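Following: one structure in structure tokens, then a few remarks.
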Amino acid sequence: MAPIISVNNLTKTYDNGFQALKGVDLDIEEGEVLALLGPNGAGKTTLISIICGIANKSEGSVTVGGYDITRDFRKARELIGLVPQEMSVEVFEKVISTVKFSRGLFGKKQDDAKIEQILRDLTLWDKKDNRIRELSGGMKRRVMIAKALSHEPRVLFLDEPTAGVDVELRKEMWDVMRALKKSGVTIILTTHYIEEAEAMADRVGVISNGELLLIEDTDTLMKSMGKKVLKIELDEPVTEVPPALAEKGVVLSPTGTLDYTYDTAAQQTGITDVLADLRAAGLKLADLSTRQSSLEDIFVGLVTDQKTGENAA
Amino acid sequence: MNFRAIAAIYKFEMARTFRSIFQSVISPVVSTSLYFVVFGAAIGSRIETVEGIQYGAFIVPGLMMLQMLMQSVTNAALGIYFPKFVGTVYEVLSAPISVPEILLGYVGAAATKAMMIGLIILGTAGLFVDLQIAHPVAMIAFMLLTCISFSLFGFIIGIWAGNFEQLNLIPMLVITPLVFLGGAFYSISMLPEAWQTIALFNPVVYLVSGFRWAFFSMSDVAVGYSLLAIAAFLAFCIATITWIFRTGWKLRV
């Protein structure tokens, strides 16, 4: 199946010479949730802004549903809903009229049943006649999502949907996203919360310094790049690691456990050997546990690698 | 053409007007009445007639022009500046909508409001003086052209403005003096000769003069020149806006 969004060699250079995007290639499949991770100023918002028509590209091309965003901008944009990062709402308007305005703006015939459905799904129906300024922060964000969904887009961009919101609201936003994904909407979200990407995304892209460093299935990414730590708790704690084990890279942790870090993707993890050496050293096990490294570790590793590479070059 | 989008913007802007209809209407009516009291009654009693027209009636086209210019510029400027200010402009920029459609929505609404105010002032003036309109069709046409071209101008101001002070700067510092010096309250022929020549560089002279012709069949400059001037201004505004959207100046980075 052709990707719903195809980004080819996209660059963006601002008038002051700052290069926000340096040749990004990216295909997004219909129905997936893609999380774009990256530090502040990495180019996430610039990428989204160009696809949605808010910023002009410098070079490269983007198609949405097969339509070029410049040549066939109407058809491309009809497919897209955008929830920007900044809280931007018409504070004096009523909830329902602002949502209807959005639908009209995207050229869709007014459909009261559809608007009601959207507002109900976002638990905004009770507030439909309230002025937006009377709503809480969480509700305002929901209004922005309702506006973005008003014209029934096939792709939804959520730019930092949970930045600066409390834990409860974040969980709420996740529920909203899950429901949207279920309905078949493709979701692209930017975030710098690794937890969010891990919880929500089918695929993760890491952007740093205007480049897409990698894009991978969330699970595969975790597996292929993830390291695991085997924590060995002993019946009687030791003060130093037996030489045979130390040779294999086992270290003594501050909590007194013996830690063995291994690569899950390696052909031989070496766990059996470690356990055999333990036995040979006459140590008795009290408990064993393993811990998977998180996306955060991977992410920090990647961005640091890029920086080190640059410094070396 | 995305007619639904044009209608959505137009209705949204008109709703904004009607939400504050009282302020929208009351202030031009009050200020116009004040002008009538000051210029019409107090000063007018000493001037009596200008080129055979009662002074009170003579100033009506100028007063309408003053208010319509102010209303066009401020409404259109605020119409686009406010979404820019609160950030909601992202929606318009990301919508499947072209520049002419955006303009029809915003400028159409601002021009409509200015037209309404113009007609209300005409009605108010009718309470103070006897008015005869020689060329009603031409009067409406002048009003329309003026409201549309100055709403376009206001739209440009709204895009240009970086803060609320700048937003008010042009109406206060440019429009008001131009109208006052543009013969709203006197005939250019009443000025010393040197000033008459200088006045001809004031675009508002042509507007007021042409508009006055529609009322009284008399004008400072030939009505053809008035039409030419307003057409030129319209073309200038359209060209500027086309450039703005092509380069994305202050809107699309």
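Structure notes:
- Any helices (runs of 4 or more DSSP H) falling wholly within the stretch B:174-253 and containing at least 2 residues that are closer than 24 Å to B:Leu104 by Cα and within 14 Å of chain A (Cβ to nearest Cβ): B:223-247
- Members of the stretch A:23-52 that are farther than 14 Å from A:Asn209 by Cβ and away from chain B (no Cβ under 14 Å): A:Asp25, A:Leu26, A:Asp27, A:Ile28, A:Glu29, A:Glu30, A:Gly31, A:Glu32, A:Val33, A:Leu34, A:Ala35
- Applying the set (1) touching a Gly at 6+ places or on another chain (Cβ under 9 Å); (2) not in a helix (DSSP H, G or I) to B:Tyr10 leaves exactly one unmet item: (2).
- Residues of the stretch B:91-124 that turn out to be small (Gly, Ala, Ser) and closer than 18 Å to A:Gly104 by Cα, as a count: 6
- In the stretch A:212-234 there is no residue matching the filter, namely being without any contact (Cβ under 8 Å) to a residue 60 or more places away in the chain, touching a strand residue (DSSP E or B) at 6+ places or on another chain (Cβ under 9 Å), in a helix (DSSP H, G or I) and surrounded by 15 or more Cβ atoms within 10 Å (Cβ to Cβ).
- Here A:Glu86 meets each of (1) more than 14 Å from every other protein chain (Cβ to nearest Cβ); (2) part of a loop (DSSP other than H, G, I, E, B) with one exception, condition (1).
- Condition check for A:Ala35: under 15 Å from the mean Cα position of the chain (by Cα), small (Gly, Ala, Ser) and closer than 23 Å to A:Arg178 by Cα: yes
- Any hit, the stretch A:290-306, residues being of a type outside the set (Lys, Arg), surrounded by fewer than 14 Cβ atoms within 10 Å (Cβ to Cβ) and more than 34 Å from the chain's Cα centre (by Cα): no
- Residues (farther than 24 Å from A:Val300 by Cβ and not in a helix (DSSP H, G or I)) located in the stretch A:26-53: A:Asp27, A:Ile28, A:Glu29, A:Glu30, A:Gly31, A:Glu32, A:Gly53
- Helices (runs of 4 or more DSSP H) fully within the stretch A:102-189 counting 3 or more residues that are modelled with pLDDT under 90 and within 19 Å of A:Phe92 (Cβ to Cβ): A:137-149
- The listed residue being small (Gly, Ala, Ser), more than 25 Å from A:Glu195 (Cα to Cα), over 21 Å from the mean Cα position of the chain (by Cα) and within 14 Å of chain B (Cβ to nearest Cβ), out of A:Ala55, A:Ala2, A:Ala20: A:Ala55
- Restricting A:Val64, A:Val95, A:Val7, A:Val91 to those that are touching a helix residue (DSSP H, G or I) at 6+ places or on another chain (Cβ under 8 Å), of a type in the set (A, V, I, L, M) and facing chain B (nearest Cβ under 10 Å) reduces the list to A:Val91.
- Among the conditions (1) away from every other protein chain (no Cβ under 14 Å); (2) in contact with a His (Cβ under 9 Å, 6 or more places away or on another chain); (3) surrounded by fewer than 22 Cβ atoms within 10 Å (Cβ to Cβ), the only one that A:Glu116 does not satisfy is (2).
- Evaluation of A:Arg71 against the conditions (1) touching a helix residue (DSSP H, G or I) at 6+ places or on another chain (Cβ under 8 Å); (2) surrounded by fewer than 22 Cβ atoms within 10 Å (Cβ to Cβ) shows that the sole unmet condition is (1).
The values are calculated or read from the model by the stated rules, or taken from the named source; none is laboratory data. Note that this is a predicted model, so its numbers are computed, not measured. Neighbour counts are summed over all protein chains in view; Cβ atoms, including those assigned to glycine, are modelled from backbone coordinates with ideal geometry.
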